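A.B. asks: What follows is a structure written as structure tokens; I'll ask about it next.
The values are calculated or read from the model by the stated rules, or taken from the named source; none is laboratory data. Since the model is a prediction, treat every value here as computed from it, not as a measurement. Here the Cβ positions follow ideal geometry from the backbone for every residue, glycine too, while neighbour counts run over all protein chains shown. Ligands, DNA and RNA are excluded from the accessible area calculation, which covers all protein heavy atoms including side chains. Shrake-Rupley method; radii C 1.70, N 1.55, O 1.52, S 1.80 Å.
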Amino acid sequence: MSDLTELRDGMRRFTEERDWARFHDPKSLALALVGEVGEVAELLQWLPADEARKRLTSEPLASRIGEELSDVLLYLVRLADVVEVDLFEAATRKLASSENRFDADEFRSRAPEKS
Ligand SMILES: [Mg+2]
């Protein structure tokens, strides 16, 4: 069992115990996910990039970013479950596709150009 499967099952249990499945339609979960991504961005907004990197390694920001990233992951796992996507399998496939698309030797130390 993957860690994602454990999280999926935990979210199923959490949802069922509260009778919240009725609220977990794909659109609502996608909006909740975007909201949590916004909370991650909110923690970093207005900080210069170097300052943000420094603050993320100490409190209170280290704990706060962990909480918000967890919210993102949990909503992502729940959304994938509701739309019947095996997130681990899909992400593994996507990573392999990206590895093929962006050859390591060709793209080392340079960002891909927009096409
Ligand atoms: Mg949050």
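A.B. asks: So what J values fall out for the range 40-54 if you push phi through Karplus, 6.51 cos²θ - 1.76 cosθ + 1.60 with θ = phi - 60°, rounded to Hz, Gly and Pro as x?
C.D. replies: Once rounded to whole Hz, the list reads 5, 4, 4, 5, 9, 4, 6, 7, x, 3, 5, 5, 4, 4, 5.
A.B. asks: Check each of the chymotrypsin sites (Phe, Trp or Tyr not before Pro) in the range 31-98 and keep only those in coil by DSSP with at most 14 other C-beta atoms within 10 angstrom; list them in order.
C.D. replies: 46
A.B. asks: Share of the chain's accessible area from carbon and sulfur, percent, 1.4 Å?
C.D. replies: The value for the chain is 55 percent carbon and sulfur by accessible area.
A.B. asks: Convert each backbone phi in the range 88-99 into a coupling constant with the Karplus relation 6.51 cos²θ - 1.76 cosθ + 1.60 (shift: θ = phi - 60°), then list the ³J(HN,Hα) values in order as whole Hz, x for Gly and Pro.
C.D. replies: Going residue by residue, I get 4, 5, 5, 5, 5, 4, 5, 5, 4, 4, 5, 5 Hz, with x marking Gly and Pro.
A.B. asks: Can you give the calculated 222 nm mean residue ellipticity of the chain, where each DSSP H run of n ≥ 4 adds -39,500 (n - 2.57) and the sum is split over every residue, rounded to the nearest 500 deg cm²/dmol?
C.D. replies: -23000 deg cm²/dmol
A.B. asks: Now for a different question. Per residue, how many Å² of accessible area does the chain show with a 1.4 Å probe?
C.D. replies: Working: 8860 Å² over 115 residues.
I get 77 Å² per residue for this part.
A.B. asks: Between the range 1-27 and the range 47-115, what's the alpha-carbon centroid distance in Å?
C.D. replies: Result: 21 Å between the Cα centres.
A.B. asks: Counting other C-beta atoms within 10 Å, and keeping those with at most 10, which DSSP coil GluC sites (Glu not before Pro) do you find in the range 3-108? Can you show the working numbers first?
C.D. replies: Working: sites: 6, 16, 17, 36, 39, 42, 51, 67, 68, 84, 89, 99, 106; in loops: 84.
Passing sites in the range 3-108 are 84.
A.B. asks: Can I ask one more? So what J values fall out for the range 61-67 if you push phi through Karplus, 6.51 cos²θ - 1.76 cosθ + 1.60 with θ = phi - 60°, rounded to Hz, Gly and Pro as x?
C.D. replies: Working through the residues one at a time gives 5, 4, 6, 5, 5, x, 5 Hz.
A.B. asks: Right, something else. The chain: D in µm²/s via Stokes-Einstein (Kirkwood Rh, Cα pairs, 25 °C, 0.890 mPa s)?
C.D. replies: 147
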